[in-house]
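The values are calculated or read from the model by the stated rules, or taken from the named source; none is laboratory data. Bear in mind the structure is a predicted one, so any value in this text is a computation, not a measurement. Note that we place each Cβ from the backbone using ideal geometry, even for glycine, and neighbour counts take in every protein chain shown.
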Amino acid sequence: METPFYRVTFDENGTISSLFDKESRREVAQKDKSLNQLRVFEDKPIYYDNWDIDIFYREKYWDVNDKTSMRWAEEGPVEAVLEIERPYSKSLIRQRIHFYADTRRIDFETYVDWHENQHLLKVLFPCDVHTDEATFDIQFGNVTRKTHTNTSWDMARFESCGHKWADVSEGGYGVAVLNDCKYGHSAHEGEIDLTLIKSGIEPNATTDQEEHFFTYSLYPHAGAWKQSDVPQEAYKLNQPAFAVKGAAKEQSYSFAASSCDDVVIETVKKAENGDGFILRVYENRNTRANAVITLAKEPKSVTECDLLENPTEAVAVQGDAFEFTILPYEIKTFLVKF
């Protein structure tokens with residue numbers, strides 16, 4: 001199939017054997033490997049069955065390649081959706097793969113009816129990216145870890161935690177795997193694997209044996225992740241827009257907006273004492289930035305606070321906006337009163 005961004009080839013198993021980026025004129029998948037390869041590993045850790053993954057789990061695995069159906073569920077000007085249903089042992093995996101006309105993101109909307117124990121379900125994205133490190137989203141920032149096993153401590157990082165995204169990038173190109181609720185990753189050279197289901201048996205003998213609903217996404221991009229909009233796309237996946245029927249008083253409305261992509265408005269909430277609203281922002285690209293926050297209307301006052309919302313200093317307001325300087329990975333909290 002072909003989209004405005006990609007030429008996509010599926011193999012007979014329904015995995016993506018080729019994803020050619022038309023804008024960057026390069027192949028995303030590693031040679032002779034497939035993207036979105038579902039794989040089940042035998043997972044029998046020595047201790048703490050429902051918590052631990054031991055390094056030897058990769059020694060025994062099965063690829064989930066069988067399918068009972070594979071069809072185009074939607075083919076329209078906005079998106080095309082490929083629906084694949086896969087049996088595995090006593091379980092069922094159903095995916096709707098969304099290809100869009102206006103975004104490079106590819107969404108894998110997934111339903112799993114899982115009835116296995118001590119089996120670890122992962123999805124593999126072997127990307128043709130030359131790098132020895134991967135970057136993982138965490139609370140109010142990100143961390144970078146090596147993807148080789150040259151040292152004992154690098155070898156011990158065979159599973160890394162991350163929140164909304166993980167990324168591997170070389171000089172002018174990168175690939176991110178986004179998710180809306182799965183936080184275990186493994187990265188080796190250019191490959192990113194996402195842990196989907198663990199299903200241990202101790203102390204709960206039927207852990208994860210239930211229905212699961214989640215979405216993860218593949219997001220190739222030009223430039224390294226810091227020059228891309230990977231964090232913004234991850235937020236869009238985790239906080240999707242929804243429409244309601246009704247009349248809008250204005251053409252557009254935003255409660256608060258940042259002038260700088262480096263500065264993320266992470267939290268908007270009422271103040272703990274009930275007087276005003278809290279805006280909590282952070283810098284996410286390791287740069288010093290001068291940012292302007294524009295509010296929906298002119299505030300009476302803006303005060304910078306600590307994380308416990310204790311006021312520290314007043315902030316100058318110009319109309320409906322205020323300006324501030326933020327340091328690399330710094331977290332700032334503002335109390336806004338209207």
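Odds and ends about this structure:
- For segment 315-338, a tally of residues being loosely packed, with under 13 Cβ neighbours inside 10 Å, in a strand (DSSP E or B) and either within 29 Å of the chain's Cα centre (by Cα) or among the aromatic types (Phe, Trp, Tyr) (or both) returns 1.
- Single residue of segment 173-228 satisfying the filter (under 27 Å from residue 149 (Cα atoms) and among the acidic types (Asp, Glu)) that is surrounded by the fewest Cβ atoms within 10 Å (Cβ to Cβ): 189
- Being part of a strand (DSSP E or B), among the hydrophobic types (A, V, I, L, M, F, W, C), surrounded by 13 or more Cβ atoms within 10 Å (Cβ to Cβ) and in contact with a strand residue (DSSP E or B) (Cβ under 7 Å, 6 or more places away or on another chain) holds for only one residue in 234, 291, and it is 291.
- Test for residue 83: is it over 18 Å from residue 214 (Cα atoms) and free of Cβ contacts under 8 Å to residues at least 40 places away in the same chain: no
- Given (1) assigned to a loop (DSSP other than H, G, I, E, B); (2) exposed (fewer than 15 other Cβ atoms within 10 Å of the Cβ); (3) aliphatic (A, V, I, L, M), number of the condition residue 73 does not satisfy: (1)
- Residue in segment 137-147 that is touching a helix residue (DSSP H, G or I) at 6+ places or on another chain (Cβ under 9 Å), at pLDDT below 95 and part of a loop (DSSP other than H, G, I, E, B) present: yes
- Residues located in segment 26-63, provided they are farther than 18 Å from residue 161 by Cβ, assigned to a loop (DSSP other than H, G, I, E, B) and either among the acidic types (Asp, Glu) or over 23 Å from the mean Cα position of the chain (by Cα) (or both): 31, 32, 44, 46, 47, 49, 60
- Any hit, segment 14-22, residues being surrounded by fewer than 16 Cβ atoms within 10 Å (Cβ to Cβ), of a type in the set (D, E, K, R) and out of contact with any Lys or Arg (no Cβ under 7 Å at 6 or more places or on another chain): no
- Checking each residue in segment 15-31 for being closer than 14 Å to residue 191 by Cα and among the hydrophobic types (A, V, I, L, M, F, W, C) picks out 28, 29.
- Of the candidates 149, 131, the single residue that is surrounded by fewer than 16 Cβ atoms within 10 Å (Cβ to Cβ) and not aliphatic (A, V, I, L, M) is 149.
- Residue within segment 297-314 that is β-branched (Val, Ile, Thr), surrounded by 14 or more Cβ atoms within 10 Å (Cβ to Cβ), more than 30 Å from residue 176 (Cβ to Cβ) and touching a residue at least 12 places away in the same chain (Cβ under 8 Å) present: yes
- Selection within segment 171-182: residues that are modelled with pLDDT of 95 or more and not hydrophobic (A, V, I, L, M, F, W, C). The member of this set that is farthest from residue 133 (Cα to Cα) is 180.
- The number of residues in segment 159-178 that are under 16 Å from residue 25 (Cα atoms), of a type in the set (D, E, K, R) and not in a loop (DSSP other than H, G, I, E, B) comes to 0.
- Test for residue 84: is it of a type in the set (Val, Ile, Thr) and modelled with pLDDT under 95: no
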